[in-house]
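One structure is given here, and the rest of the page talks about it.
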Amino acid sequence: MAGTGIIWLALLGPVIALLTHLSWRGITTALSAPGAFDPLILSAESGAVTLGVLLLLGTPLAWGLARGTLPFPRVWEAGVLATLLLPPLVVGLLLIFMVGPFTPIGHLLSGLHLSATDTFLALVIAQVYESAPYYVLGAQAAFSGVDYRLEQQAALLGDPPRRVFRRVTVPLAAPGMAMAMAIAWARAMGAFGAVVIIAYHPTGLPLQIWTTLQETGLPSALPYALVLLVVALPLPIAAYFWSARARSRRRG
Amino acid sequence: MLEADVEVNRRDFTVRARLTVEPGERLALFGPSGAGKTTLLEVIAGLVAPRRARITLAGRMLTSTENPVAAVPPWQRRIGLLRQDPGLFPHLSVQANLLYGRAGADAGARAELFELAHVLGIAGLLAAMPARLSGGQAHRVALGRLLLSHCDALLLDEPYTGLDSSLRRTLTDLVVSLVTRRGVPSILVAHELAEAQAFADRLAVLDGGQILQEGAPDEVVLSPATRRVAELVGYAGFVPVRSARADSAAPTAAPAAIGLTAGIHPDRVIGGRHPELGLILAGVVTSCRPAGALWEIAIKLGEVIVTVRLPEAARVGMEIEVTATDPPRFGPDGTAAPVRPAPAATGGLTAARAAQSRQTGNQK
């Protein structure tokens with residue numbers, strides 16, 4: 001019991017340190033500067049787009065992995081795990097070789113007047129790479145938890161596959177998917193390693209913290225850290241409570 | 001009418017079966033675990049792809065592996081499947097579960113829902129979540145859901161396993177009355193004979209993927225077509241007999257060359273010597289234990305041990321004489337041998353049996 005209490009306090013330590021070292025004056029000074037909220041807005045926008053991409057592309061992949069409908073499932077899983085196991089900084093470096101301006105994809109994008117470096121698109125790409133495995137693996141676990149016999153029963157009661165997915169699979173997997181999305185959101189908001197390589201500009205919140213720390217020191221960076229927490233944490237916390245409520249409702 | 005002619009590969013054998021179930025008819029597929037019963041139902045429901053099949057329901061071709069090829073998906077088959085796990089959707093209330101298969105859920109559907117809920121005894125549970133239901137209540141809701149979806153055939157895959165016997169009986173009676181009233185063909189899969197008999201008006205015995213015998217439930221039990229069928233329907237001992245004549249038996253002294261055996265069903269045995277009723281068995285009690293309201297007694301007859309259930313207990317080691325009423329006889333190849341009636345003038349014991357009976361008497 002004492003051991004678990006110690007590890008819990010240790011894990012919560014950075015948040016406690018942040019709150020104890022912040023002053024109201026420091027927060028108002030930092031956030032009243034012109035353009036202070038721009039990184040926050042940018043991160044929120046790119047995070048929302050990232051979640052949309054994950055929901056659209058990651059959900060079918062998670063479902064395929066959970067249901068074993070994909071050929072060579074281990075290969076697909078390895079692809080998902082690769083981005084999780086590679087250090088984000090390395091992912092950023094490799095993304096330059098993949099979507100940089102002198103690559104085939106880069107040429108293709110420039111033909112569409114787009115660029116995957118130092119743009120909003122680059123920020124979204126970096127965030128997708130840093131958060132996708134958390135979402136796909138979480139959603140896969142959520143789908144795996146849905147009893148396939150319930151899906152069969154729904155089909156036998158007249159529902160074609162898409163309607164079974166909408167009426168049975170998604171509602172039953174929703175609590176787990178919500179948690180997966182919340183974690184992916186937090187990872188996207190805090191993405192730094194890949195972002196610093198391919199999306200130094202425009203500046204999102206994590207980079208704002210880094211540059212403020214470099215240029216004006218720790219006290220000036222702390223208010224941005226608080227902002228990052230305030231933006232990144234509510235969704236996971238809300239998802240946690242919603243999941244708990246949904247599970248409790250099912251128990252009657 | 002449901003017609004199914006199916007061949008489907010399993011890991012260890014191929015299931016081959018041909019079934020016809022008339023509207024309102026109740027067929028029970030009875031057999032041991034792993035016989036292929038569930039596979040057969042899943043092929044009919046469209047959940048498992050067969051190697052070869054031709055399945056029609058009410059004139060609609062559901063599956064045909066021959067030209068013209070047909071494979072109607074499960075959601076268009078209108079076949080209801082009830083498994084051991086009722087499969088209620090845990091995120092929906094009882095009422096939403098019941099109405100799941102009724103698109104639109106109009107006033108007519110709701111009226112039918114309330115009427116059926118009343119019949120099923122779940123009218124007070126409509127707002128409850130499935131997790132709050134007992135096993136019996138969950139099965140009633142699952143059954144109601146199938147009936148409300150107006151399926152054209154009902155498949156029941158050992159639905160009452162794990163429920164207590166009185167609840168099973170209640171649910172079976174309920175299903176029988178509802179299925180009969182609706183006039184839909186229904187198939188019950190069961191590995192307990194009593195459950196199959198209580199439900200069905202026709203019984204098919206399935207083993208190793210093959211239907212070994214099909215007929216009226218009592219006919220299959222009283223006249224098993226093979227020794228294997230007899231084993232499956234509960235014959236718990238096979239004693240050598242001298243001939244196919246109804247009264248001619250001397251289990252312990254039967255000449256092996258003939259190869260005839262008589263199947264002894266524990267429940268078709270009466271105490272004492274009654275040559276006019278069947279085969280007299282005389283031997284030594286090797287065990288005796290209570291079995292419900294009866295006593296299950298193992299009797300050693302020479303090299304063979306048979307089990308019988310009698311209303312009176314017997315002491316281990318004592319000699320006992322019982323009569324197996326009209327036991328089926330099987331030839332050396334395991335198929336049923338026709339039983340010739342005993343001539344009235346010559347009815348009685350063979351010399352060997354007489355000698356033995358002199359030794360044993362009636363529960364001496």
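The values are calculated or read from the model by the stated rules, or taken from the named source; none is laboratory data. Because the structure is a prediction, the values reported are computed rather than measured. Reconstructed Cβ throughout: ideal geometry from the backbone, glycine too, with neighbour counts over all protein chains shown.
Only one of the listed residues (B:Arg102, B:Arg78) is surrounded by 15 or more Cβ atoms within 10 Å (Cβ to Cβ), touching a Leu at 6+ places or on another chain (Cβ under 8 Å), free of Cβ contacts under 8 Å to residues at least 60 places away in the same chain and within 12 Å of another protein chain (Cβ to nearest Cβ). That residue is B:Arg102. Let me spell it out: the conditions are (1) more than 28 Å from B:Arg110 (Cα to Cα); (2) surrounded by fewer than 18 Cβ atoms within 10 Å (Cβ to Cβ); (3) modelled with pLDDT under 90, and B:Thr180 meets all of them except one. Which number is the exception? The failed condition is (1). Please determine whether any residue of region B:109-121 is more than 14 Å from chain A (Cβ to nearest Cβ), more than 16 Å from B:Leu178 (Cβ to Cβ) and in a helix (DSSP H, G or I). Yes: one or more hits. When B:Val339 is tested against (1) modelled with pLDDT of 85 or more; (2) hydrophobic (A, V, I, L, M, F, W, C); (3) under 29 Å from B:Arg228 (Cβ atoms), exactly one condition is not met: (1).
Could you give me the residue pairs with C-beta distances under 8 Å whose first residue belongs to region A:232-252 and is within 14 Å of another protein chain (Cβ to nearest Cβ) and on the phi > 0 side of the Ramachandran plot, whose second residue is surrounded by 12 or more Cβ atoms within 10 Å (Cβ to Cβ) and of a type in the set (A, V, I, L, M, F, W, C) wherever it lies, and which are 6+ apart or on separate chains? Here the result reads A:Gly252/B:Ala128; A:Gly252/B:Met129; A:Gly252/B:Ala131, each pair linking region A:232-252 to a residue that is surrounded by 12 or more Cβ atoms within 10 Å (Cβ to Cβ) and of a type in the set (A, V, I, L, M, F, W, C). Please tell me if B:Thr63 is surrounded by fewer than 21 Cβ atoms within 10 Å (Cβ to Cβ), outside any helix (DSSP H, G or I) and not aromatic (Phe, Trp, Tyr). Answer is no for this residue. For region A:201-213, check the following and say yes or no: at least one residue is part of a helix (DSSP H, G or I), within 14 Å of another protein chain (Cβ to nearest Cβ), surrounded by fewer than 17 Cβ atoms within 10 Å (Cβ to Cβ) and among the hydrophobic types (A, V, I, L, M, F, W, C). No. Looking only at region B:44-60, count how many residues are within 12 Å of chain A (Cβ to nearest Cβ), in a loop (DSSP other than H, G, I, E, B) and of a type in the set (A, V, I, L, M, F, W, C). Looking only at that region, the number is 2.
Please indicate, with yes or no, whether at least one residue in region A:208-230 is under 16 Å from the mean Cα position of the chain (by Cα) and either without any contact (Cβ under 8 Å) to a residue 12 or more places away in the chain or under 30 Å from B:Ala45 (Cα atoms) (or both). Looking through region A:208-230, at least one residue is under 16 Å from the mean Cα position of the chain (by Cα) and either without any contact (Cβ under 8 Å) to a residue 12 or more places away in the chain or under 30 Å from B:Ala45 (Cα atoms) (or both). Listed by position, the strands (runs of 3 or more DSSP E) contained in region B:182-221 that have at least 2 residues being more than 11 Å from the chain's Cα centre (by Cα) and on the phi > 0 side of the Ramachandran plot form an empty set. Can you find even one residue in region B:36-43 that is of a type in the set (S, T, N, Q), more than 30 Å from B:Ser134 (Cα to Cα) and away from chain A (no Cβ under 11 Å)? No; the residues of region B:36-43 include none that is of a type in the set (S, T, N, Q), more than 30 Å from B:Ser134 (Cα to Cα) and away from chain A (no Cβ under 11 Å). Of the residues making up region B:143-157, at least one is part of a loop (DSSP other than H, G, I, E, B) and of a type in the set (Asp, Glu). Taking region B:1-40 as the region of interest, the strands (runs of 3 or more DSSP E) fully inside it that hold 2 or more residues being surrounded by fewer than 21 Cβ atoms within 10 Å (Cβ to Cβ) and among the β-branched types (Val, Ile, Thr) are B:14-21. B:Ala153 falls short on exactly one of the conditions (1) under 30 Å from A:Ala246 (Cα atoms); (2) within 13 Å of chain A (Cβ to nearest Cβ), and that condition is (1). The single residue among B:Val221, B:Val241, B:Val229 that is over 30 Å from B:Arg60 (Cβ atoms), in contact with a Lys or Arg (Cβ under 7 Å, 6 or more places away or on another chain) and buried (at least 21 other Cβ atoms within 10 Å of the Cβ) turns out to be B:Val241. Taken together, the residues in region B:107-164 that are crowded, with 16+ Cβ neighbours inside 10 Å and polar (S, T, N, Q) amount to 2.
Screening B:Ala96, B:Ala70, B:Ala128 for residues that are in contact with a Ser or Thr (Cβ under 8 Å, 6 or more places away or on another chain), within 12 Å of chain A (Cβ to nearest Cβ) and either in contact (Cβ under 8 Å) with a residue 40 or more places away in the chain or at negative phi (or both) leaves exactly one candidate, B:Ala128.
Does region A:20-28 contain any residue that is over 21 Å from the mean Cα position of the chain (by Cα), in contact (Cβ under 8 Å) with a residue 24 or more places away in the chain and exposed (fewer than 15 other Cβ atoms within 10 Å of the Cβ)?
Within region A:20-28, one or more residues are over 21 Å from the mean Cα position of the chain (by Cα), in contact (Cβ under 8 Å) with a residue 24 or more places away in the chain and exposed (fewer than 15 other Cβ atoms within 10 Å of the Cβ).
The helices (runs of 4 or more DSSP H) falling completely within region A:1-84 that include 1 or more residues that are modelled with pLDDT of 90 or more map to A:2-21, A:38-53, A:59-67.
For region B:81-93, taking the residues that are at the interface with chain A (Cβ under 7 Å from one of its Cβ atoms) and without any contact (Cβ under 8 Å) to a residue 40 or more places away in the chain, the one that is surrounded by the most Cβ atoms within 10 Å (Cβ to Cβ) is identified as B:His91.
Look at B:Phe89 and say whether it is more than 19 Å from the chain's Cα centre (by Cα) and at pLDDT 95 or above. Judged against the criteria, B:Phe89 is a match.
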